[in-house]
Structure formats: structure tokens, C-alpha cells
Amino acid sequence: MNAAYSTDGQYIHPSILNADFMDIGTELDKISTADSVHVDIMDNHFVPNLTFGTSMVEQIVRRSAIPVDAHLMIEDADREAPAYAEAGASSVTFHLEAATAPIKLARDLRRKNVEVGVALRPATPIEPLLDVIGEFDMLLLMTVEPGFGGQSFLETMLPKIRRARRAISDANLEVSIQVDGGVSRETIERCAEAGANVFVAGSAIYRAQDAADEISALRELARTHTAH
Ligand code: DX5
Ligand code: ZN
């Protein structure tokens, strides 16, 4: 199943980072009304935390009712990322800081029929990417330092989202902007107004009384505050 992002759409991607891994099937069922499940891959080198690899992703793909959006927070993306496309993820996002030849990697991944995302840590500027942004389907702007769920949204990322959206529109490109980190009912509207259209939310959804209600509420806020 392909995620098929369109910059006209608003997408909610719950992150399972803080879900109960002992009961992952039930945790996936709770978010089946979302657009994709966001799966955080961490190697304890690129970020100070460790999750899992391709075999767990394959199992999640088999069990999930919705597409899998893989966010790789791992070193040596050039060598490691293609395996996540082969594991069945619908979109694969690697960090620019972890790739040596990001354009070649993006093209290799596209040939494997996945949507390709490029991610930036909060302190990495977007400007060096703008000339080549058309190589990607999605730009992931981290709104916390990557590594852990439940951190506070970095307000200082809003101008960066705005600049990225403006540059993408000026170039007449169809590139989605995903925000990840501290996205909640309190922050999603500002992200949408700034030009984001794919919203990752981990603790906001898994700590809510009812995950499906939270997904609808976030979707509604994003739709009514869209920049388009
Ligand atoms: C952090 C991860 C996020 C995380 C978001 O490095 O990339 O996807 O799960 O969690 P919240 O929404 O709780 O900030
Ligand atoms: Zn993530």
C-alpha cells in the first residue's frame, strides 16, 4: 500500500515509539483510522536510543491496516535505508546528516517504489537542500531533537517550516512537509499554518483517552488551519 502523499492533503501519522511493544497488535489497531503509522528506527549511534530493525518493520507491515512510514534515525543511511523499502515500508525517510550521497540514495529508493523523505535535525538549515528538494517526496523537519518521544515542541522551527513551504511552492514542486516532535492539539495549528501537511504525533495520540478521537481532532485542526 503506498502512502501517495499529495500536498493538497493533510495526513496524521501516529508514532508508535511510546506504544506498548509487548502488545503491538492492539496498539496498531488503536490507530487504524490514521493515514500511516510512523515507525522510528534508532541505532543508538545517530541518536542516543535504540529501537529495532527490518524484521520488526516487516511484522508491523503485515499487521498494520495502514501504510508504514519509516523514519530512520541511523548512521550510514546510504547502506541501510534500501532494506526498509524491501521490508515493505510505504515511505522511507533518512536523515540528511547521515547520508553521504543523498540524491543517489533517493533515486535508488524511488526505484524500489517507495515515497522518499529527507529529514533534518532542528539545527540543520534547509537552504543547502532547496536546489535538490524535487528529488524527494517529503521533507521531514524535526521539531524536537530526535531520539525520544514526549519532548516539547520547538517553536523556533516555525520560520523554518514557512521558508521551506515558500521555496517548494515557488519552485512549483509537490513536496510534502512532515513535522515530528511535540505535535499536539496545542501546536498542530501553527504547524499547518506555516505549511506542514504531514503530522507525526506520538505521545499526543497514545496518551489520549481514545486514540481514534485524538486522530480526528488533530486532523480537523490541521484541515481548518491549512496554509493552502
Ligand atoms: C523522536 C521521534 C518521534 C517521536 C515523536 O525522535 O522521531 O517520531 O515518537 O513523539 P512525540 O509526538 O511524543 O513528540
Ligand atoms: Zn519520528
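Just a few scattered comments:
- Here P125 meets each of (1) over 30 Å from L28 (Cα atoms); (2) assigned to a loop (DSSP other than H, G, I, E, B); (3) in contact with a helix residue (DSSP H, G or I) (Cβ under 6 Å, 6 or more places away or on another chain) with one exception, condition (3).
- Qualifying position, being within 15 Å of ligand 2 (Cβ to nearest atom), over 14 Å from the mean Cα position of the chain (by Cα) and in contact (Cβ under 8 Å) with a residue 12 or more places away in the chain, among G195, G150: G150
- When T124, T226 are screened for being farther than 17 Å from P14 by Cβ, in contact (Cβ under 8 Å) with a residue 60 or more places away in the chain and hydroxyl-bearing (S, T, Y), only T226 passes.
- Which numbered condition R219 fails, given (1) within 15 Å of the chain's Cα centre (by Cα); (2) in a helix (DSSP H, G or I); (3) touching a residue at least 60 places away in the same chain (Cβ under 8 Å): (1)
- One residue from E220, E145, E193 being modelled with pLDDT of 95 or more, closer than 29 Å to N49 by Cα and either touching an Asp or Glu at 6+ places or on another chain (Cβ under 8 Å) or of a type outside the set (A, V, I, L, M) (or both): E145
- Selection of the range 202-228 for residues being within 15 Å of D20 (Cα to Cα), in contact with a strand residue (DSSP E or B) (Cβ under 8 Å, 6 or more places away or on another chain) and not hydroxyl-bearing (S, T, Y) yields G202, I205, A211.
- You will find that of K160, K112, the residue that is in contact with a helix residue (DSSP H, G or I) (Cβ under 6 Å, 6 or more places away or on another chain), more than 20 Å from G9 (Cα to Cα), among the basic types (K, R) and away from ligand 1 (no atom under 16 Å from the Cβ) is K112 and no other.
- Subset of the range 172-186 (residues that are free of Cβ contacts under 8 Å to residues at least 40 places away in the same chain, in a loop (DSSP other than H, G, I, E, B) and either of a type in the set (V, I, T) or more than 16 Å from ligand 1 (Cβ to nearest atom) (or both)): N172
- Residue within the range 113-128 that is crowded, with 17+ Cβ neighbours inside 10 Å, over 20 Å from D76 (Cα atoms) and not hydrophobic (A, V, I, L, M, F, W, C) present: no
- A19 vs. criteria among the small types (G, A, S), crowded, with 17+ Cβ neighbours inside 10 Å and either part of a loop (DSSP other than H, G, I, E, B) or within 16 Å of ligand 2 (Cβ to nearest atom) (or both): yes
- In the range 23-79, residue nearest to ligand 1 (Cβ to nearest atom) [restricted to those that are among the acidic types (D, E) and assigned to a strand (DSSP E or B)]: D40
- The set of residues in the range 170-192 being under 18 Å from the mean Cα position of the chain (by Cα), away from ligand 2 (no atom under 16 Å from the Cβ) and hydrophobic (A, V, I, L, M, F, W, C) consists of V175, A192.
The values are calculated or read from the model by the stated rules, or taken from the named source; none is laboratory data. Here the structure is a predicted model, which is why all the values come from computation and not from measurement. Note: ideal-geometry Cβ built from the backbone for every residue, glycine included; neighbour counts use all protein chains shown.
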